[in-house]
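Everything on this sheet refers to the single structure shown next.
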Amino acid sequence: GCGCLCVSVSVCLCCCQACAAYTFVTIPGVMDVFSRLNLYLVSAQVAVLNQALTQGDAFLKTAISLLADVASAPEDDSAMKNTEVWLSSYVNSFLSTLLIVPDHPEKEVLWLLKGLLNVLQDFKWDTQRLGVKGQIFLQVFALLCAQSQERFIYRIARVDSNDQLYGADKKFVAELGKVVENLTSELFDILKSLSTTPDHQAQLALQFVNVLVAHADLTQADMAKLVMNLWSLAKKQGAGDKKLMARTAAYVRSCGDSADLNTYAEIADRLTV
């Protein structure tokens, strides 16, 4: 009955906590830093999956601290390039995990995400590969859009994520807005820095457009204006992927047709290739 189920869940939680404690003290013995980072992330995912939220937070916090060490470590150019490519994939997985991890009740809102952003800001980015930094920040932008939804697109059973904790609380949404504003400013700084490499600038601008089209509400005037400015930047350089631009414009038009939104149709009319 229910009593047996409660006992079973309690036993599983205790077992998971014990395994997490053992893992936490043994991972530092792994020599390769990238293997340690992967192990911290996987361990955090397993912990959260089993409702061991305190242990999950500890793994994620330690991973962020370790990323800071990687960011400050001296490396030659080829090693740094490989690190940046690996980092993009790792952060993507990290952010996917953060969506379901609830904020700690005694910490500030989005404390883990803010800690990660601080590390990414301090990372020694290769000036020739700032586009990678931009791609990572676009991943964060997508996460923030997902965090703003009243109900997240995925969840874990018996884990109350931020959508349930905050319930679209105005203060939470306002905090999300502040992070989005700072992130948007950073992304525009990156785009400006890429002015000497038109191909990379156009690519990042188009990626930004697609993130906005997929996650933002283009019926809002500021979002529509941002999309148009980014589109103009990619088109002005003449280096934008014409096929991608055509598919993006077609998708925006289809969004307007399916939802009967004139705003989307008007935007699509202006997204000329």
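Below are the figures for this structure:
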| item | result |
| --- | --- |
| Test: residue in segment 153-167 that is more than 30 Å from Ala58 (Cβ to Cβ), open to solvent by 70 Å² or more (accessible area, probe 1.4 Å) and out of contact with any strand residue (DSSP E or B) (no Cβ under 8 Å at 6 or more places or on another chain) | no |
| Some residue of segment 66-79 being of a type outside the set (Lys, Arg) and touching a residue at least 60 places away in the same chain (Cβ under 8 Å) | no |
| Options Ala63, Ala58: the member that is open to solvent by less than 30 Å² (accessible area, probe 1.4 Å), free of Cβ contacts under 8 Å to residues at least 40 places away in the same chain and aliphatic (A, V, I, L, M) | Ala63 |
| Elements of type helices (runs of 4 or more DSSP H) contained in segment 1-96, each with 2 or more residues being modelled with pLDDT of 95 or more | 33-49, 53-72 |
| Near pairs, Cβ below 6 angstrom, 6+ apart or cross-chain, from segment 17-31 (hydrophobic (A, V, I, L, M, F, W, C)) to any residue that is part of a loop (DSSP other than H, G, I, E, B) | Ala20/Ala52 |
| Single residue of Lys225, Lys236, Lys243 found to be closer than 23 Å to Gln147 by Cα and among the charged types (D, E, K, R) | Lys225 |
| Residues satisfying the stated conditions in segment 169-196, i.e. of a type outside the set (Asp, Glu) and either free of Cβ contacts under 8 Å to residues at least 12 places away in the same chain or exposed (fewer than 12 other Cβ atoms within 10 Å of the Cβ) (or both) | Lys170, Lys171, Ala174, Gly177, Lys178, Asn182, Ser185, Phe188, Lys192, Ser195, Thr196 |
| Within segment 103-113, tally of residues that are out of contact with any Asp or Glu (no Cβ under 7 Å at 6 or more places or on another chain) and either among the β-branched types (Val, Ile, Thr) or in contact (Cβ under 8 Å) with a residue 60 or more places away in the chain (or both) | 2 |
| Failed item in (1) surrounded by fewer than 19 Cβ atoms within 10 Å (Cβ to Cβ); (2) farther than 23 Å from Gly56 by Cα; (3) within 13 Å of the chain's Cα centre (by Cα), with Ala146 passing the rest | (2) |
| So Gly131, is it of a type in the set (Gly, Ala, Ser) and at pLDDT 95 or above | no |
| Residue in segment 118-131 that is under 19 Å from Lys178 (Cβ atoms) and either among the hydroxyl-bearing types (Ser, Thr, Tyr) or surrounded by fewer than 18 Cβ atoms within 10 Å (Cβ to Cβ) (or both) present | yes |
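The values are calculated or read from the model by the stated rules, or taken from the named source; none is laboratory data. Since the model is a prediction, treat every value here as computed from it, not as a measurement. Quick reminder, even Gly has a Cβ in these numbers, built from the backbone with ideal geometry, and neighbours come from all protein chains shown. Only protein heavy atoms, including side chains, enter the accessible area calculation; ligands, DNA and RNA are left aside. Shrake-Rupley method; radii C 1.70, N 1.55, O 1.52, S 1.80 Å.
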